[in-house]
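To start, the structure under review is shown below, and the notes come after it.
The values are calculated or read from the model by the stated rules, or taken from the named source; none is laboratory data. Here the structure is a predicted model, which is why all the values come from computation and not from measurement. Cβ atoms come from the backbone with ideal geometry, glycine included; neighbour counts cover every protein chain shown. These accessible areas exclude ligands, DNA and RNA; they are computed on the full protein's heavy atoms, side chains included. Shrake-Rupley method; radii C 1.70, N 1.55, O 1.52, S 1.80 Å.
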Amino acid sequence: MSIIFRQLRQFYAARPHAVQVPSLQAWLWFIVGFGIGILLYVPFGSIQYDLNGLAEAVAVERGGPDIYRPNHMLYGVIGRAAFVAVQSFGYTGASVPILKIITALAGSVAVGFSALAFRRLSGNAVVTLLASVLLAVSWSQWVFSTDVQYITLSLAFAAGALAVMVYSTHLFGVIAAGLLCTLAVLTWQASVFLLPGFALGQLILNVDRPFRIRLVAACCFIITCILSLSLTYLAVAILVHGYSNLSDISQWLTSYGGARLPIWGKWSLDRLAPAGLSAIASIVPLWSGLGLRDLLRGSFRLEKLPALLSLLGLLGLTVLSLWRVLHRDKDSIARYRSALWLLLSYLAFLPFIIWWDPFEPKWFVIPNLFLVSVVAVIWGSGARQGKS
C-alpha cells in the first residue's frame, strides 16, 4: 500500500503545469456547440416516442422506487426532480414535455463538450466546427435528442469526461473524468464500456511521462469509477429498495425491466450485418430507405435525395479519411496515437451492441462521439499539443 501512495504522490507532483483549463477561446467553442444543439433539438421535438422513453415518463410521474432502476437511474431522478419543480409552479400536464426539454438540453450540452474536445484534438477551428455539426446532425444523435431518451444525457456526461481528459493530465483531471463517467453509467448502465477506453487512454496518451505514472493514472480512473458506482448502487439498494443481502442486490443490478439478464441478448454471426447497418444508420437515415430499387428501375423519388446524398457524403468522408491516414506526415505520430485510442474506445461498445440488440441505431449515440473524434484528429493539424 505504501508503494501505491508513493506513486500517487509522484503522480500528483509530476508536471504541475499539466493542470490545464480550457482558454476563453476554447469555451467559446462549447457555446457554439451548445447553440448548434439548441437550434437543432429544441424546436423539433418528436411526436413519436421511443417506448423506453415512455416507460421513463410513466415512472417519473409515478415517483417512488420506480425511478431508481439501476439501468437508467439518474435520468429518472433528474426527470422526477424537474417534474416536481415545475408542478410547484402550477404545471398540471404530463411529464413528457418536461423530459423532452431535459433531453434536448442534454443533447446540446453533449455537442458543446464535444466541440470543446474536438478543438483540443484537432487544433483546427474549421475541423472543430465541421466535426461538431457532423455529430449534431448524425441521425441517432438528432432523433434521440428530440425524444424522451436517457442515452442523450449519458452522452453529455461522456462528452464532458472526454473534454476533461484531453485538457488535463493531472490527478484532479483523472478523478473528474472518472466521476463524469460514473454519472454516465448511472444514466445508462451500458456506459460502463466507457471505462476500458478511458483507462486505456491514460496509457496510450502522454507517452512523454513514465509508464508507471500513466499506469497509476489508469488505476486511479478505474478505482474512482468502481468506488463511486459501488457506493451509489449500494446506497440505493439499501436505503431506497430495502435490500439486506448481497443476493438481492445482485439480482437487482443484473435485471432489466424486471427480468434477469440476458433477456434477449445472444451471440450469433448473423447479428454482425445488422449491427454494421445500424452503425451506418446511426449517422445517416437508412431506416427510411434510399429508394435504390426505384432508382435502378429508372424512377427517382425526390424525397429520398437527402438520405442518398448523406450516404454518399459519409462514404466520401470515409475514403478521404483513409487516404489521409495512409499519406500521413512524419510529425503526425502523436495525432494518430490519439486516433487509435479513440477508435478502440468506439470498438469497446461493439461486442455489447452485437450481443444486446444490433438492430437499433440508438445504441451508437455514445460510440459515435469517439468515431467523430477520430475524424477530428485525422483532419486536424497538431491536436493535443495546441494552446486552445
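Brief remarks follow.
- Condition met for GLY178 (within 17 Å of CYS219 (Cα to Cα) and either outside any loop (DSSP other than H, G, I, E, B) or modelled with pLDDT of 95 or more (or both)): yes
- Against the test of being open to solvent by 20 Å² or more (accessible area, probe 1.4 Å), within 21 Å of TYR346 (Cα to Cα) and not hydrophobic (A, V, I, L, M, F, W, C), the options GLN251, GLN189 yield a single qualifying residue, GLN189.
- Failed condition for ARG293, given (1) exposed (fewer than 10 other Cβ atoms within 10 Å of the Cβ); (2) on the phi < 0 side of the Ramachandran plot; (3) part of a loop (DSSP other than H, G, I, E, B); (4) modelled with pLDDT under 60: (3)
- Any hit, segment 45-60, residues being assigned to a helix (DSSP H, G or I) and out of contact with any helix residue (DSSP H, G or I) (no Cβ under 9 Å at 6 or more places or on another chain): yes
- Odd one out for SER338, checked against (1) modelled with pLDDT of 75 or more; (2) over 25 Å from the mean Cα position of the chain (by Cα): (2)
- One residue stands out in segment 105-124 among those that are part of a helix (DSSP H, G or I) and open to solvent by 10 Å² or more (accessible area, probe 1.4 Å): the one that is farthest from GLY380 (Cα to Cα), namely LEU105.
- VAL127 being in a helix (DSSP H, G or I), closer than 22 Å to PHE349 by Cβ and open to solvent by 20 Å² or more (accessible area, probe 1.4 Å): no
- All positions within segment 340-381 that are open to solvent by less than 10 Å² (accessible area, probe 1.4 Å), over 20 Å from TRP139 (Cβ atoms) and either aliphatic (A, V, I, L, M) or not in a helix (DSSP H, G or I) (or both): LEU342, VAL377, GLY380
- Residue-level check: of (1) in contact with a Leu (Cβ under 7 Å, 6 or more places away or on another chain); (2) in a loop (DSSP other than H, G, I, E, B), THR92 misses just (1).
- Residue among ILE78, ILE102, ILE151 that is open to solvent by less than 40 Å² (accessible area, probe 1.4 Å) and in contact with a Leu (Cβ under 8 Å, 6 or more places away or on another chain): ILE102
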